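A quick write-up on the structure given underneath.
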Amino acid sequence: MGIAEKKIVSSGSDILDVTKQLFTQMIDDETEIVTLLQGEDAADEQTNILVQFIEKEFPEVEVDVHLGNQPLYSYIISVE
């Protein structure tokens, strides 16, 4: 489930699809940087796929990834 602005904006069983949908809802023309905090259950391979997606779909946006190791959420995302 992808949540933005206290609303569910994407859902499904595939973490990559849900997160990509969330990015398309959150990133706009004013976005400069996306920060991903990778949770303890998120695989590095998944994170790399998501970074590649952002770089391809939103080439003007910088991506910053940190290992957050949070137990509940696969990713915490900040869009600035």
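Summary table
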quantity: Shape parameters for the stretch 2-79, alpha-carbon atoms, Rg then Dmax in Å; calculated: 11.6, 32
quantity: Per-residue [θ]222 nm for the chain (sum of -39500 (n - 2.57) over DSSP H runs n ≥ 4, rounded to 500); calculated: -10500 deg cm²/dmol
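All of the numbers you see were taken from the coordinates with simple rules; none came from a lab. Predicted model, so just to flag it, every value in this text is computed and none were measured.
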